[in-house]
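I have placed the structure first, in the form of structure tokens, so that the comments after it can refer back to it.
The values are calculated or read from the model by the stated rules, or taken from the named source; none is laboratory data. This is a predicted model, so every value here is computed, not measured. Positions of Cβ are backbone-derived with ideal geometry, glycine not excepted, and every protein chain shown enters the neighbour counts.
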Amino acid sequence: MKERGVDVPESVRESLRPRRNEKIMDLVAEAGIDVTPWGVRKDGSVIDNPRTNQTYCYEWAFGGGDQPTALCIWHGSLVISQGLILYDRNMRQYALELDRVAIDRSARSDARSRARIQAKRARNFDSLLQRAYRKSEPVRVVILEGKPHSEPDLRWDTSKVSYRTLDSEVWYVHSYSDDDGSCRLVRKNPPDRILNGENIPPTQPVFVDQFSLPTSVTKHESTGFIFERSSEVRRAVLERAAGVCECCSAPGFKMDNGRIFLETHHVIPLSKNGPDEEWNVVAICPNDHRRAHFGEDRAALRGQLLAYLWTIHPNAQGVIRTLLETDSNELLAKVPERAAAI
């Protein structure tokens with residue numbers, strides 16, 4: 001194998017195998033990411049040993065915003081192909097697989113809870129990959145060695161890290177597919193577009209939703225839960241709809257800045273453990289959005305939207321079917337025949 005004209009033997013990949021169990025907090029700091037928040041709990045109290053802060057130490061990806069990106073990758077996932085040391089993994093699809101476990105009533109409650117947490121970590125990993133690709137930024141990689149969980153049975157297996165280290169070389173996201181989430185992360189070699197000085201230019205979105213609008217509110221109080229929504233999921237759904245309501249096919253209205261407005265809606269609500277994934281989100285007009293929440297025909301509308309998502313997201317059909325078969329969710333109990341017949 002060759003890496004930019006240099007032979008890359010298997011011994012190079014083997015040399016990346018970690019042999020020291022370094023603390024993840026120290027490696028994240030070495031990658032240039034601020035770890036000050038690790039020293040404080042959510043309630044503001046100080047943690048005696050920040051390295052044990054479970055809010056951070058079990059995560060798979062770090063950084064974002066104005067910080068660099070660091071990703072945790074198992075050594076066994078590294079391959080040599082076409083003269084490159086690379087990592088090919090679809091974390092978006094992996095999150096979907098974990099979502100299936102999270103809603104599987106035959107699984108133990110602890111396994112379902114673990115899968116739900118891991119699905120969130122996988123989506124964060126995927127989001128940071130997308131960010132690095134679009135900004136043409138390098139990625140730091142923490143290489144892990146140990147016992148990754150077995151994918152054939154995600155519900156029972158847990159991972160155990162024996163050793164970890166930060167690769168001295170930077171990595172680059174050579175490709176990322178908005179359609180299905182597949183990507184390629186390559187060690188040491190920038191893609192041609194970076195070598196040629198060509199970045200993916202940041203663009204203003206053509207399509208926007210209710211969360212894209214500026215607000216003058218700087219502070220608010222809430223007695224309930226506030227659910228985070230992935231900006232990448234919303235963007236992908238808005239681009240999929242291309243300015244047309246995915247419920248009634250009416251065009252979204254044009255704003256004074258030229259952008260097309262639709263509202264994004266989780267068909268299975270986040271409050272009912274609905275996944276924050278493209279296959280559970282639609283872009284619809286404000287009128288249909290209100291119907292989906294308050295209309296007397298909201299159950300029928302939910303069935304229509306689920307049937308639509310089933311058609312356009314075949315990779316998620318297994319999860320959608322499981323949701324439909326989950327009779328503990330009162331929101332789905334009255335889903336009409338159009339969706340129940342899936």
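Tabulated data for the structure shown
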read-out: Check on Leu309, under 28 Å from Lys120 (Cα atoms), free of Cβ contacts under 8 Å to residues at least 60 places away in the same chain and over 26 Å from the mean Cα position of the chain (by Cα); value: no
read-out: Verdict on Gln118 being crowded, with 18+ Cβ neighbours inside 10 Å, assigned to a helix (DSSP H, G or I) and modelled with pLDDT under 85; value: no
read-out: Positions within region 88-104 being of a type outside the set (Lys, Arg) and either buried (at least 20 other Cβ atoms within 10 Å of the Cβ) or assigned to a helix (DSSP H, G or I) (or both), in sequence order; value: Met91, Gln93, Tyr94, Ala95, Leu96, Glu97, Leu98, Asp99, Val101, Ala102, Ile103
read-out: Pairs, first farther than 24 Å from Arg321 by Cβ in region 281-304, second basic (Lys, Arg), C-beta under 9 Å, six or more apart; value: Arg291/Arg298
read-out: Top-ranked residue in region 243-267 [being assigned to a loop (DSSP other than H, G, I, E, B), out of contact with any Leu (no Cβ under 8 Å at 6 or more places or on another chain) and not hydrophobic (A, V, I, L, M, F, W, C); ranked as modelled with the lowest pLDDT]; value: Asn257
read-out: Residues satisfying the stated conditions in region 35-76, i.e. part of a helix (DSSP H, G or I) and touching a residue at least 60 places away in the same chain (Cβ under 8 Å); value: His75, Gly76
read-out: Of all residues making up region 164-208, the number that are at pLDDT below 70 and among the acidic types (Asp, Glu); value: 1
read-out: Top-ranked residue of region 69-93 - restricted to ones that are among the aliphatic types (A, V, I, L, M) and in contact with a helix residue (DSSP H, G or I) (Cβ under 7 Å, 6 or more places away or on another chain), ranked as nearest to Gly146 (Cα to Cα); value: Leu78
